[in-house]
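Single-structure report; data block below.
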Amino acid sequence: MQSYQQVLEVMKSDYKENNFCTVASIATAFNWSAGKAHRLMKKHGRPYKSGPSWYGFQRALEEAAQKAERDIEWLGFVGVTINQFRKSHSTGTYIIAVNAHVLTLKNGEFEDWTERTAGKRKIRACFSNEGRTFGVARIN
C-alpha cells in the first residue's frame with residue numbers, strides 16, 4: 001500500500017515539491033507510486049509546486065480510475081465534516097474535497113496530514129458530473 005508518508009518523502013526529496021495533495025490522493029487511492037501520480041497530474045495541467053484546477057484534477061482522477069480498471073461513484077455529503085464522514089464510512093476508498101485541498105480516506109484512515117482538523121473541515125462540492133456537483137469520489 002502506498003502511504004501518505006511515503007508520498008510526502010518522495011515529493012519533498014526527489015521532486016522538491018509542495019502543494020501536492022492531488023498527487024498524494026491519487027497515489028494513495030490507487031496504490032500508485034508518487035512519480036506515476038505526479039506524471040498524471042502534470043499531464044492534466046498541474047503546475048510545479050501548485051495545485052491544478054478542479055476540472056483538471058477530476059479528469060486526472062477519472063483517467064486514473066480507468067487505468068486501474070476501477071469505477072468512480074460520485075457522492076454528495078457537502079457541508080459534512082470529514083470526521084463525520086469517516087465515522088459513517090469506515091470501509092472503502094474515498095477522495096474527499098475540502099476547501100482548496102483533497103485527501104484520501106482508506107478503510108477509515110486518512111491518508112493525509114489533516115487528522116487534527118478533521119472535526120472542523122467540511123466537505124465541499126468541487127466535482128461535477130451530468131450537471132450535478134459532488135464533494136466525494138468513491139473508488140470502487
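The values are calculated or read from the model by the stated rules, or taken from the named source; none is laboratory data. Note that the structure is a prediction, hence the values are computed from the model and not measured. Backbone-built Cβ (ideal geometry, glycine too); neighbour counts: all protein chains shown.
Within the stretch 1-52, restricting attention to residues that are of a type in the set (D, E, K, R) and on the phi > 0 side of the Ramachandran plot, which residue is surrounded by the fewest Cβ atoms within 10 Å (Cβ to Cβ)? I'd like the intermediate steps shown before the answer.
If we filter the stretch 1-52 for residues that are of a type in the set (D, E, K, R), which is where we start, we get 9, 12, 14, 16-17, 36, 39, 42-43, 46, 49.
After this cut, where a residue has to be on the phi > 0 side of the Ramachandran plot as well, the list is 16, 49.
Values: LYS16: 9, LYS49: 11.
Among those that are of a type in the set (D, E, K, R) and on the phi > 0 side of the Ramachandran plot, it is LYS16.
Report yes if some residue within the stretch 51-58 is under 23 Å from TYR15 (Cβ atoms), without any contact (Cβ under 8 Å) to a residue 40 or more places away in the chain and assigned to a loop (DSSP other than H, G, I, E, B); otherwise report no.
Checked the stretch 51-58: at least one residue is under 23 Å from TYR15 (Cβ atoms), without any contact (Cβ under 8 Å) to a residue 40 or more places away in the chain and assigned to a loop (DSSP other than H, G, I, E, B).
Would you confirm whether any residue within the stretch 70-90 is of a type in the set (Asp, Glu), in contact with a Cys (Cβ under 9 Å, 6 or more places away or on another chain), touching a residue at least 60 places away in the same chain (Cβ under 8 Å) and not in a strand (DSSP E or B)?
At the first step, the residues of the stretch 70-90 found to be of a type in the set (Asp, Glu) are 71, 73.
Those left that are additionally in contact with a Cys (Cβ under 9 Å, 6 or more places away or on another chain): none.
So far as the stretch 70-90 goes, no, none of its residues is of a type in the set (Asp, Glu), in contact with a Cys (Cβ under 9 Å, 6 or more places away or on another chain), touching a residue at least 60 places away in the same chain (Cβ under 8 Å) and not in a strand (DSSP E or B).
Could you grab me the full set of residues in the stretch 59-68 that are touching a strand residue (DSSP E or B) at 6+ places or on another chain (Cβ under 7 Å) and buried (at least 22 other Cβ atoms within 10 Å of the Cβ)?
Of the stretch 59-68, the ones touching a strand residue (DSSP E or B) at 6+ places or on another chain (Cβ under 7 Å) are 61-62, 65.
Result: LEU61, single match.
Does GLU63 meet the test of being acidic (Asp, Glu), touching a Leu at 6+ places or on another chain (Cβ under 7 Å) and outside any loop (DSSP other than H, G, I, E, B)? Write out each step before concluding.
Working: acidic (Asp, Glu): yes; touching a Leu at 6+ places or on another chain (Cβ under 7 Å): yes; outside any loop (DSSP other than H, G, I, E, B): yes.
For GLU63, the condition - acidic (Asp, Glu), touching a Leu at 6+ places or on another chain (Cβ under 7 Å) and outside any loop (DSSP other than H, G, I, E, B) - is met.
Could we say that GLY51 is under 15 Å from ALA97 (Cβ atoms), of a type in the set (Gly, Ala, Ser), modelled with pLDDT of 95 or more and out of contact with any Lys or Arg (no Cβ under 6 Å at 6 or more places or on another chain) here? Walk me through how you get there before you give the answer.
On the way: under 15 Å from ALA97 (Cβ atoms): yes; of a type in the set (Gly, Ala, Ser): yes; modelled with pLDDT of 95 or more: no; out of contact with any Lys or Arg (no Cβ under 6 Å at 6 or more places or on another chain): yes.
No.
Determine whether THR104 is of a type in the set (Val, Ile, Thr), modelled with pLDDT of 95 or more and farther than 23 Å from ARG132 by Cα. Lay out the reasoning, then the answer.
Working: of a type in the set (Val, Ile, Thr): yes; modelled with pLDDT of 95 or more: yes; farther than 23 Å from ARG132 by Cα: no.
Here the answer is no, as THR104 does not meet what is asked.
Just the residues that are surrounded by fewer than 15 Cβ atoms within 10 Å (Cβ to Cβ), over 17 Å from ALA24 (Cα atoms) and not acidic (Asp, Glu), please, taken from the stretch 109-131.
Initial filter on the stretch 109-131 (surrounded by fewer than 15 Cβ atoms within 10 Å (Cβ to Cβ)): 109, 113, 115-117, 119-120, 128-131.
Checking the rest, the ones that are also over 17 Å from ALA24 (Cα atoms) come to 116-117, 119-120, 128-131.
ARG116, THR117, GLY119, LYS120, SER128, ASN129, GLY131 - these are the residues of the stretch 109-131 that are surrounded by fewer than 15 Cβ atoms within 10 Å (Cβ to Cβ), over 17 Å from ALA24 (Cα atoms) and not acidic (Asp, Glu).
Select from the stretch 15-50 the residues that are in contact with a helix residue (DSSP H, G or I) (Cβ under 9 Å, 6 or more places away or on another chain), touching a residue at least 12 places away in the same chain (Cβ under 8 Å) and in a loop (DSSP other than H, G, I, E, B) and list them in ascending order.
Passing the criteria: TYR15, GLU17, ASN18, PHE20, TRP32, SER33, HIS44, ARG46, TYR48.
From THR81, THR93, grab the single residue that is in contact with a strand residue (DSSP E or B) (Cβ under 8 Å, 6 or more places away or on another chain), of a type in the set (Ser, Thr, Tyr) and buried (at least 18 other Cβ atoms within 10 Å of the Cβ). Break it down into steps so the answer makes sense when it comes.
Details: THR81 fails: buried (at least 18 other Cβ atoms within 10 Å of the Cβ).
Criteria check complete, one pass: THR93.
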